[in-house]
Amino acid sequence: MRRAMAALFLFGISFGYVEAAVVVYLRAIYDPIRHRMHPERPAGELFPLITPQQLADARPENSRRLLIEIGREAATMLMLGSVALAVGRNLHEWIAAFAIAFGVWDICFYAFLKLMIHWPASLSTWDILFLIPLPWVGPVWAPVLVALTMIVCGVISLRAGGIRGGLPHWAGVLAGALVIIVAFVWDFRNTSAGGLPNPFNWPLFLVGEAIGLSAFLMAARFPGYRGSQKPHGS
């Protein structure tokens, strides 16, 4: 178990560095375009977002780069899922391992970006998190809170051999995750059109966190959890 935990944390840390390095390269491509379109905005600000049409107008190959970036995001999730698959001995351990790897990767991504380019300026700085299937945006505080939650719950679950729970518990965890995602994409019509983001929907986000955490804690008290703590073969 120590080796599995170490592997997940080391992968998350190193992959966070790789992700931050990629973003530094992307900033070198897109920041000049953003500055030409919005010279009044401070350097390093990501909003207003550059729309797909503006990207194509700036340079035709930018449309292809956008598709490549979307593919890279999908590949990132596959890589995190793959390392979790190598560690987990069953579905429940795989989910726990994925949560750990994802959480460590996300936090280290921001930590390395801060070291490399002194961004974000604060945890209140807005970021674009994902593009699949819609732009996810929010202050850095929000994904960091999600990442910390995933790490803590993932460690608890993996140390127990994967918390089983029942169908209602997993439905609660998924419902909480979906509510959080809705909070991130809540303003997508505005931000996708090149507008400045409206205030983040913290109430909806915190409701999602509460639903997911409550379902996880109830799963940890579920009778199946006691069985999952037994060593394999006992």
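The values are calculated or read from the model by the stated rules, or taken from the named source; none is laboratory data. As the structure is a prediction and not an experimental result, all values here were calculated from the model. Note: ideal-geometry Cβ built from the backbone for every residue, glycine included; neighbour counts use all protein chains shown. SASA here: full protein model, heavy atoms, side chains in, ligands and nucleic acids out. Shrake-Rupley method; radii C 1.70, N 1.55, O 1.52, S 1.80 Å.
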Working from Cα positions, state the angle (0 to 90°, nearest 10) between the long axis of helix 61-87 and the longest principal axis of the chain.
10
In what order, largest first, do 61, 209 sit by accessible area if the probe radius is 1.4 Å?
61, 209
Give me the percent of the accessible area of the chain that comes from carbon and sulfur atoms, probe 1.4 Å, all protein chains in place.
70
Dipole of segment 1-84, positive direction: furthest Cα of 58, 7, 46, with charges on the beta-carbon
7
The chain - accessible surface per residue (Å², probe 1.4 Å):
54
Alpha carbon convex hull of segment 83-179, volume per residue in cubic angstrom
113
Residue among 122, 178, 155 farthest towards the positive dipole end of segment 91-191, charges placed on Cβ
155
Distribution output for segment 145-224: share of Cα-Cα pairs per 10 Å bin in percent, first bin at 0, values 18, 42, 24, 12, 4, 0
Going by average Cβ neighbours within 10 Å, how do the peptides 180-188, 112-120, 68-76 rank, with the highest at the top?
180-188, 112-120, 68-76
Do the sum for the chain: with -39,500 (n - 2.57) for every DSSP H run of n ≥ 4, divided by all residues, what is the mean residue ellipticity at 222 nm, to the nearest 500 deg cm²/dmol?
-24000 deg cm²/dmol
Based on the Kirkwood radius over alpha-carbon pairs, what value in µm²/s does the Stokes-Einstein equation return for the translational diffusion coefficient of segment 1-70 at 25 °C and 0.890 mPa s?
172
Just the number, please: Stokes-Einstein D of the chain in µm²/s, Kirkwood Rh from C-alpha pairs, 20 °C, 1.002 mPa s.
113
Determine ³J(HN,Hα), in whole Hz, for all residues of segment 5-17 in sequence, where each value follows from phi through the Karplus function 6.51 cos²θ - 1.76 cosθ + 1.60 and θ = phi - 60°; x replaces Gly and Pro.
4, 4, 4, 5, 5, 5, 5, x, 5, 5, 5, x, 5
Which residue fluctuates the most in the chain, going by a Gaussian network model with Cα springs under 10 Å, if the choices are 31, 57, 127?
57
What percentages, rounded to whole numbers, describe P(r) for segment 36-113 computed over all alpha carbon pairs with 10 Å bin width beginning at zero?
16, 29, 29, 19, 8, 0
Under a Cβ-only charge scheme (Lys and Arg +1, Asp and Glu -1), can you give me the dipole magnitude of the chain about the Cα centre, in debye to the nearest 20?
760
